[in-house]
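Peer 1: Below are the structure tokens for one structure; questions will follow.
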Amino acid sequence: MFDPILISIDESKRQIVGYAPERAEEFQEESARLANKSFEKALKSSNWNEVILMSGGSASGKTEFLSEHLNEFEGIIFDGTLPTIKGAEIKIKEIKKAKKKPIICAVLPDDLKRAFVAFLGRDRKFSDEYFYKTHSGARNTLLQIARTHPEVEIRIYESSYRGATLFFQKIVFRSSQELIEFLEKSQYTEDEILNLVKIL
């Protein structure tokens, strides 16, 4: 059994001189650039056939999901939020060019208010706008990829708490149309998320 190749935008920040968690947002662009370079290198050098692109807004539970469900995955994992369609399509194109299979694993919290509380309590500090942007963008990206790239497998997991324990439930769809309909109903604009969490 081999460990997966895990490439994380958040972990890439630690490679940058001067990085401090309380200033994480300042280092986001550079850490994404470093992670993308590592991803390109892994695609060329690895013999694994499958590549997972993580998706989901900040503080959705992706880190916990990775350690619990993907620790024995035999492939490459790119851990980010997948907030833009352009970025997702670039990644998918790179994966296919490397003759590997792209898989999107999305973690959607059952309660955005709960996720926002977790976001505010993290050591890595970002502006509130970053939360709205990543949750809205990730959901829109999933919908557009489902519509335009039916060949890409999309796996959706809902994160929820039972007491103090975070659980993940895979949502099963009988068809691609059912997946699209679910994602259509799961969309939020940044303003809608702001209005949802601002009472906290």
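Peer 1: Given springs between every Cα pair under 10 Å in a Gaussian network model of the chain, which of ILE171, ILE104, ILE154 has the largest fluctuation?
Peer 2: Checking each option, the largest mean-square fluctuation is seen for ILE171.
Peer 1: Contact order normalised by length for region 99-178, with contacts defined as Cα pairs under 8 Å and 6 or more residues apart; what percent is it?
Peer 2: In percent, rounded to a whole number, it is 40.
Peer 1: Considering only protein heavy atoms, what per residue accessible area in square angstrom results for region 110-193 with a 1.4 angstrom probe?
Peer 2: Ligands and nucleic acids excluded, the figure is 55 Å² per residue.
Peer 1: I want to verify a result. In a Gaussian network model of the chain, Cα cutoff 10 Å, which of these has the top mean-square fluctuation: VAL152, VAL172, VAL17?
Peer 2: Fluctuation is largest for VAL17.
Peer 1: Go ahead and run the numbers for FRET between GLN15 and LYS113, Cβ-Cβ distance against an R0 of 30 Å, rounding to 0.05.
Peer 2: Efficiency for this residue pair is about 0.35.
Peer 1: Could you tell me what percent of the accessible area of region 1-48 is made up of carbon and sulfur, with a 1.4 Å probe and every protein chain present?
Peer 2: On region 1-48, the fraction of accessible area on carbon and sulfur atoms equals 50 percent.
Peer 1: Over region 14-72, what number does the Rg to Rh ratio reach, with both radii from the alpha-carbon atoms and Rh per Kirkwood?
Peer 2: Result for region 14-72 is an Rg/Rh of 1.00.
Peer 1: Using a 1.4 angstrom probe on heavy atoms only, work out the carbon and sulfur share of the accessible area of region 51-129 in %.
Peer 2: 52 percent
Peer 1: For GLY80, what residues show an amide H to amide H distance below 5 Å, using hydrogens built from the backbone and excluding near sequence neighbours?
Peer 2: Here MET54 satisfy the definition.
Peer 1: Hey, what's the Cα Rg ratio for region 43-161 versus the globular rule of thumb, 2.2 N^0.38 Å?
Peer 2: Here the answer is 1.06, to two decimals.
Peer 1: Please state the shape class of region 120-181: rounded when a/c is under 1.5, otherwise prolate if a/b exceeds b/c and oblate if not, all from the C-alpha gyration tensor.
Peer 2: oblate
Peer 1: Report in % the part of the accessible area of region 152-200 that belongs to carbon and sulfur, leaving out ligands and nucleic acids; probe 1.4 Å.
Peer 2: Carbon and sulfur: 49 percent of the exposed surface of region 152-200.
Peer 1: Using a basic spin-label model with each label point 7 Å from the Cα along Cα→Cβ, how many nm lie between GLU29 and GLU153?
Peer 2: In this crude spin-label approximation the distance works out to 3.7 nm.
Peer 1: I would also like to ask the following. So what is the diffusion coefficient of the chain in µm² per second by Stokes-Einstein at 4 °C and 1.567 mPa s, using a Kirkwood Rh over Cα pairs?
Peer 2: 75 µm²/s
Peer 1: Percent of alpha carbon pairs in region 95-200 separated by more than 23 Å?
Peer 2: That tail contains 35 percent of the Cα-Cα pairs.
Peer 1: Let me ask you something else. With θ set to phi - 60°, apply the Karplus curve 6.51 cos²θ - 1.76 cosθ + 1.60 along region 89-103 and write out the HN-Hα couplings as whole Hz, x wherever there is a Gly or Pro.
Peer 2: Each residue's phi maps through the Karplus curve to give 5, 4, 4, 4, 4, 5, 5, 5, 4, 7, 6, 10, 9, x, 10 Hz.
Peer 1: If you don't mind, there's one more thing I want to ask. Of SER58, ILE9, ALA24, which is farthest along the charge dipole of region 1-63 in the positive direction, counting Lys and Arg as +1 and Asp and Glu as -1 at C-beta?
Peer 2: Of the candidates, ILE9 comes out farthest on the positive side.
Peer 1: What is the set of long-range amide H partners of LYS100 at a cut-off below 5 Å, with H atoms built 1.01 Å from backbone N?
Peer 2: Placed amide hydrogens put nothing under 5 Å from LYS100.
The values are calculated or read from the model by the stated rules, or taken from the named source; none is laboratory data. Fair warning: this is a prediction, and the values are worked out from it, not measured in the lab. Note that each Cβ is placed from the backbone with ideal geometry, even for glycine, and that neighbours are counted across all protein chains shown. With ligands, DNA and RNA removed, areas are computed over all heavy atoms of the protein, side chains included. Shrake-Rupley method; radii C 1.70, N 1.55, O 1.52, S 1.80 Å.
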